Amino acid sequence: MKDQNLENLIKLCQAGNRQAFATLVKTYQQLVFNLLYRLVPREWDVEDIAQEVWIKIYQSLNALKNVASFRSWLYRVTVNTYYDRMRQKGLKVEVSLDEPFETEEGEGVRFPLVDQGMLPEEILLEKEWQVYLEKIIQDLPEQYKIVIIMREIDGLSYEEISTALDISLGTVKSRIARAREKLIEDLSKYFQEVKR
Amino acid sequence: MCLDFEILSAYGDDELPEDVKKDVQAHLAVCDACRNILKNIHTVNHNIHSLKQQTLKGIEIDFANKLIAALPAALPCPTHETLSAYSDKALDFTKFKEVKQHLTECNICDKKVKTIYALSKAIRNLPPVYKADEDFISKVISDIPQTEKKIIDFHVWNNSRIRRFVIAAGIALVGILVVNNNYTPQNIENVNITITAEDFLFSSPSDSSLDMKKSIPDIPLLDNSG
């Protein structure tokens, strides 16, 4: 959606126009589902959380000053709603077990020793690999999973991710790198096994 | 994945713990790039050492120049983080150009970037994992609080054009009533006026809702016909 159209749509929503809000939900619901579906445990009701996200969006839409940051804001509400739900269920908000050391730029990439080799693009696009890729994305530590979904699946810029998650650009950069590193590592291992 | 320069440097100085040293050796066995960096580190160390010796002998040497000449070759490959940011075009221009140049010279890093591109493409091509029920939107809409009217009222009054129009209309109405001696403010209170802002804005002069004669029969209207 073009910025001008989004701005008009949001103004209508801010004026309480439900039809406009339905259009907004229709346009952006997949972003919310993309993230939630990969974040929440299978037994949870994804739609229920998504519904809560959209109601929060509706209730606080008047507070949105910069329409250009709508997507980042939508993600922030989504992630926070998910964390709230975790807390309600008495679950701890996950912090990666293999948390890398801190550097001036943010979280440094862990010292890697695995030689990954090169993964052929044509193979990664095959159905069997897509299933495996989906699985290993699901298995990523949460903070890496969130950034890689935002970056690769929904196409957010580093700045947008930084705003959405309220983390520095350096941290965004290193989390994305770390997520990719982990995925490539897993895919390489799988690739080696399949080749044997 | 190549080793960090600091690790290689520490390895070159034999300052690593045994277990890490073994990992580094295993990596060096399969990685030309890191072996080259290590070789360069050794060269620099050797140069510095020999410079020290020669200086002690009182020989004039351009220490800085010799050291700098040896350093560029020892620069390590970009980190995975830098290559990842490069693939997203998220580096500043100078760094981006530097990495781009490096990729033309380093086959290993070039392969790594290509792998990142392949991974990105594969993730972007994943089919949508979740399709919402068709009635999801109506469920959301039916669940949102009934605040619509309140918000609309607030925004209509926030519109300065409407606000000015309503105020001007009110003043004009009071003016008409005051000009006509038959009406005092006390009388006005008894008149049931049902004209809304929308009536003023969107109705034509012939619209019955604006026909003040009907709602206030005894007030003579201003003659608009000229």
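The values are calculated or read from the model by the stated rules, or taken from the named source; none is laboratory data. No experiment lies behind these values; they were computed from the predicted model shown. Backbone-built Cβ (ideal geometry, glycine too); neighbour counts: all protein chains shown.
For this structure, a couple of remarks:
- Taking the stretch B:23-35 as the range and being within 40 Å of the chain's Cα centre (by Cα), surrounded by 13 or more Cβ atoms within 10 Å (Cβ to Cβ) and at pLDDT below 85 as the test, the residues that pass are B:CYS31, B:ALA33, B:CYS34.
- Looking only at residues of the stretch A:38-65 that are closer than 21 Å to A:ILE161 by Cα and surrounded by fewer than 17 Cβ atoms within 10 Å (Cβ to Cβ), we find that the one that is modelled with the highest pLDDT is A:LYS56.
- Every test in (1) surrounded by 19 or more Cβ atoms within 10 Å (Cβ to Cβ); (2) in a helix (DSSP H, G or I); (3) facing chain B (nearest Cβ under 9 Å) is passed by A:GLN30 save one, and that test is (1).
- Test: residue in the stretch A:45-62 that is more than 10 Å from chain B (Cβ to nearest Cβ), more than 14 Å from the chain's Cα centre (by Cα) and touching a residue at least 40 places away in the same chain (Cβ under 8 Å): no
- Residue check for A:SER162: modelled with pLDDT of 90 or more, among the polar types (S, T, N, Q) and closer than 19 Å to A:PHE70 by Cβ: yes
- The stretch B:5-22, residues that are buried (at least 18 other Cβ atoms within 10 Å of the Cβ) and within 26 Å of A:ILE184 (Cα to Cα): B:ILE7, B:LEU8
- Among residues of the stretch B:133-165 being surrounded by 15 or more Cβ atoms within 10 Å (Cβ to Cβ) and at the interface with chain A (Cβ under 7 Å from one of its Cβ atoms), the one that is modelled with the lowest pLDDT is B:ILE151.
- Members of the stretch A:2-15 that are part of a loop (DSSP other than H, G, I, E, B) and either under 18 Å from A:LYS65 (Cβ atoms) or in contact with a Phe, Trp or Tyr (Cβ under 6 Å, 6 or more places away or on another chain) (or both): A:ALA15
- Of residues in the stretch A:138-196 being within 11 Å of chain B (Cβ to nearest Cβ) and outside any helix (DSSP H, G or I), the one farthest from A:LEU36 (Cα to Cα): A:SER157
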